[in-house]
1. Could you run through the stretch B:39-73 and say how many residues are more than 15 Å from ligand 1 (Cβ to nearest atom) and either more than 14 Å from every other protein chain (Cβ to nearest Cβ) or β-branched (Val, Ile, Thr) (or both)?
2. Looking at (1) crowded, with 22+ Cβ neighbours inside 10 Å; (2) farther than 30 Å from A:Val3 by Cα; (3) within 14 Å of chain A (Cβ to nearest Cβ), which one does B:Ile200 not meet, given that it meets all the others?
3. Name the residue that is surrounded by the fewest Cβ atoms within 10 Å (Cβ to Cβ), counting only residues in the stretch B:39-70 that are at positive phi and more than 19 Å from the chain's Cα centre (by Cα).
4. Can you tell me which of A:Gly437, A:Gly371 is open to solvent by less than 60 Å² (accessible area, probe 1.4 Å), on the phi > 0 side of the Ramachandran plot and either modelled with pLDDT of 90 or more or within 14 Å of chain B (Cβ to nearest Cβ) (or both)?
5. Quick check on my filter: what residues within the stretch A:190-201 are modelled with pLDDT of 80 or more, within 16 Å of the chain's Cα centre (by Cα) and open to solvent by 40 Å² or more (accessible area, probe 1.4 Å)?
6. Among the residues of the stretch B:85-97 satisfying the criterion of being over 13 Å from the mean Cα position of the chain (by Cα) and at the interface with chain A (Cβ under 8 Å from one of its Cβ atoms), which is farthest from B:Ile197 (Cα to Cα)?
7. Of all the residues that make up the stretch B:12-38, how many are under 27 Å from A:Arg367 (Cα atoms) and either open to solvent by 30 Å² or more (accessible area, probe 1.4 Å) or within 10 Å of ligand 1 (Cβ to nearest atom) (or both)?
Amino acid sequence: MRVFTTARTAFKALRRNPMRAMLTTLGIVIGVGAVIAMMEIGAGSSSSLKKTIASMGANVLVIRPGTASSGGISFGVGTTTTLTPQDCQAILRECPAIHNAAPIVRARTQVVYGNRNWVPNTMYGTTPAFLDVQDWSILAEGEPFSDRDVLNGNRVCLLGQTLVRELFEGESPVGKEIRIKNISFRVIGVLTPKGANMMGQDQDDVILAPWTTIKYRVTGSSLSTTNQSASTAATDTVNTLSNLYPADQISLYPERSSVQQADNPMPVRFANIESIMAAANNAGEISLAIEQMTALLRERHHLRADEPDDFSIRDMAELTKTLSTTTTLMTNLLLAVAMISLVVGGVGIMNIMLVSVTERTREIGLRMAVGARGRDILQQFLVEAVVLCLTGGAMGIVLGHGGSLLVQLLLKWPVETSPAAIATAVLVSAGVGIIFGFYPAWKASRFDPIEALRFE
Amino acid sequence: MELIELHGIEKTYQMGDISVPVLKGISLSIRQGELIALTGSSGSGKSTLMNILGCLDRPTTGEYWLDSQETSRLSSDERALLRNRKLGFVFQSFNLLARTSAIENVAMPLSYAAENLSDREARGRAAEMLGRVGLADRLDHYPSQLSGGQQQRVAIARALINRPPVLFADEPTGNLDSRTSEEVLQMFERLNSEDGITIIMVTHDPKVAGYAQRVIRIDDGLIQGDVPAAGPESEAQGGAV
Ligand SMILES: Nc1ncnc2c1ncn2[C@@H]1O[C@H](COP(=O)(O)OP(=O)(O)OP(=O)(O)O)[C@@H](O)[C@H]1O
Ligand SMILES: [Mg+2]
């Protein structure tokens with residue numbers, strides 16, 4: 001018996017009881033609808049997440065100073081200042097897995113232009129490499145600052161779109177002077193818009209300037225936090241018991257004599273920076289880059305093998321992975337719930353198919369008497385169940401797609417139509433039909449024609 | 001070799017520990033083109049024999065040769081094929097598919113046939129068959145819109161759609177009044193004489209048996225009489241004796 005004819009016979013059989021068919025298939029409609037909606041919403045949020053991650057620079061590694069701790073109490077990340085611009089240069093020079101690296105110092109203060117003012121969320125002092133690391137090299141307008149500007153501590157800056165909007169009201173800021181802490185900066189470029197990051201933080205609310213300028217002119221910190229060992233050596237305070245809260249570090253080693261210093265000079269740290277942003281060559285080399293930087297920084301910071309790192313390297317990929325895993329997990333959970341609804345729908349199908357087989361016992365007997373084999377009967381009822389499920393699946397696709405469009409319209413959630421979801425829905429509903437239709441169909445195919453014909 | 005040959009057919013039903021012998025050794029041969037009535041008291045085993053003849057059931061022992069083929073050991077799929085190609089059935093209660101038009105009811109066995117007819121061919125053949133049973137103007141009627149006699153004629157058309165050489169009818173007129181019974185029986189006679197179809201029908205009614213050329217009487221699972229008859233009139237008298 002040809003499948004096409006069988007399918008038509010199945011349609012006719014279902015048309016004999018349209019209301020029952022409708023109600024039976026409702027479980028499938030809802031299940032498939034839920035699956036489609038979940039997959040479309042899931043795909044939408046995951047692709048918007050991917051976009052966000054890309055805007056943050058997926059290969060970016062952030063190196064931050066480690067935590068200071070005393071007596072088992074940790075003071076949190078950044079409480080020691082151990083990173084220097086020289087660390088950054090060394091990373092760039094000696095870690096082959098690193099594509100580029102930029103030091104960062106931060107400030108938070110008011111920016112004034114004319115009679116307008118604004119406190120940018122992010123004020124970074126850095127080097128031109130920062131733009132490369134952040135994949136931000138193409139400017140909307142103007143020129144980036146140069147390494148020479150960094151060396152000279154020139155008062156130049158780049159503005160993010162939010163600042164342009166807030167301070168200049170659409171006017172081109174290039175060449176204008178703004179004031180930060182009463183120091184005037186010349187705007188030499190405008191960054192391209194990036195939008196919000198994963199945490200919803202506005203990435204365009206940013207001002208970039210040479211780190212030297214920010215460090216020495218804006219935050220006002222001088223070279224006071226220089227080489228710690230040197231400063232310890234220079235101190236002449238005596239650590240007495242009366243001094244309960246010593247501010248200075250205890251000198252554990254004898255002071256170096258001037259001869260020793262001359263023989264074996266310690267690198268003098270001019271300044272500490274708050275973090276280093278480095279970009280690995282590609283996402284695959286991130287772990288290699290972390291290894292290389294860890295080894296290099298440990299050596300540069302003179303850490304013994306048993307000492308913990310005095311810095312931490314944070315991997316954006318890790319963060320983004322965690323975030324995307326969370327979304328995937330949520331989508332999968334909801335998908336599982338939708339699947340359960342499909343199973344419930346399948347049980348409904350099985351139930352009604354069993355009823356149908358019993359009702360049509362005489363028909364089965366007759367079909368067998370005129371030459372239907374067991375497998376023809378099996379096929380007929382299986383096709384009937386599949387047709388029922390596919391009809392439900394088609395309605396479910398329409399319902400689910402409509403639902404996700406509604407969500408997009410009303411809740412403004414990102415939604416993405418996925419052909420894969422529709423294909424899956426079709427396959428799954430056909431699968432449900434086959435799985436749950438099999439037992440009733442098999443039962444029908446095993447009928448004895450004589451008894452079936454005699455059935456009242 | 002004859003069209004149908006039975007040799008020592010026995011059928012015993014097993015009801016738990018008790019075995020119920022229904023057919024106790026039936027030997028019989030039927031030639032191509034015969035019109036046979038099978039009679040006997042209720043419970044004598046007529047329907048059981050018909051089921052075996054119709055390859056719906058298998059005998060417990062004995063041989064059944066149909067068209068030079070031993071059928072009693074065939075698998076159920078092989079028997080289904082045989083039923084489809086060589087045997088037609090007419091039932092007492094018509095057994096038409098409800099809410100399915102006459103023409104589709106008639107075309108139904110074609111969907112299980114080995115030859116794959118197109119939809120149009122199938123409908124054409126079904127319409128032709130309905131024409132032969134005098135229902136050319138009732139093609140799209142549903143069973144509920146047809147009289148009992150018409151329904152039975154649709155069932156006959158369905159039984160003949162695959163052009164089988166043999167037609168079985170278990171009390172075909174049991175649900176019909178005498179006038180429509182006559183219609184159906186005349187149809188059997190015509191099919192038998194014009195198309196040479198072998199017809200074997202079970203009946204209680206001597207008047208129905210009168211249409212047959214040969215009357216086989218079964219009693220308690222054994223053949224008790226096998227009377228050839230000249231014609232309907234003399235048979236009606238013979239039945240009364
Ligand atoms: N499946 C079965 N299991 C057990 N016994 C059966 C079965 N089918 C038929 N019988 C028995 O076989 C005997 C003959 O039954 P059958 O139906 O052949 O009678 P029949 O001659 O057709 O009677 P009627 O004229 O009333 O239709 C009956 O006694 C019945 O009880
Ligand atoms: Mg009977």
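The values are calculated or read from the model by the stated rules, or taken from the named source; none is laboratory data. It should be emphasised that the depicted structure is a prediction, and the values quoted were computed from it without experimental measurement. Note: ideal-geometry Cβ built from the backbone for every residue, glycine included; neighbour counts use all protein chains shown. The accessibility values were calculated without ligands, DNA or RNA, using every heavy atom of the protein model including side chains. Shrake-Rupley method; radii C 1.70, N 1.55, O 1.52, S 1.80 Å.
1. Residues that pass the stated criteria total 13.
2. Single failed check for B:Ile200: (3).
3. In this case the residue turns out to be B:Ser68.
4. Exactly one of A:Gly437, A:Gly371 is open to solvent by less than 60 Å² (accessible area, probe 1.4 Å), on the phi > 0 side of the Ramachandran plot and either modelled with pLDDT of 90 or more or within 14 Å of chain B (Cβ to nearest Cβ) (or both), namely A:Gly371.
5. Of everything in the stretch A:190-201, just one residue is modelled with pLDDT of 80 or more, within 16 Å of the chain's Cα centre (by Cα) and open to solvent by 40 Å² or more (accessible area, probe 1.4 Å), namely A:Gln201.
6. Only one residue fits best here, namely B:Leu97.
7. Filtering the stretch B:12-38 down to residues under 27 Å from A:Arg367 (Cα atoms) leaves B:12-14, B:22-23, B:30, B:32-38.
In the following step, the residues that additionally are either open to solvent by 30 Å² or more (accessible area, probe 1.4 Å) or within 10 Å of ligand 1 (Cβ to nearest atom) (or both) were identified as B:12-14, B:22-23, B:32, B:38.
Looking only at that region, the number is 7.
Conditions (1) within 23 Å of B:Ala98 (Cβ to Cβ); (2) within 16 Å of ligand 2 (Cβ to nearest atom), marked per residue:
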{"residue": "B:Met129", "(1), (2)": "yes, no"}
{"residue": "B:Leu135", "(1), (2)": "yes, no"}
{"residue": "B:Pro165", "(1), (2)": "no, no"}
{"residue": "B:Asn175", "(1), (2)": "yes, yes"}
{"residue": "B:His204", "(1), (2)": "no, yes"}
{"residue": "B:Ala209", "(1), (2)": "no, yes"}
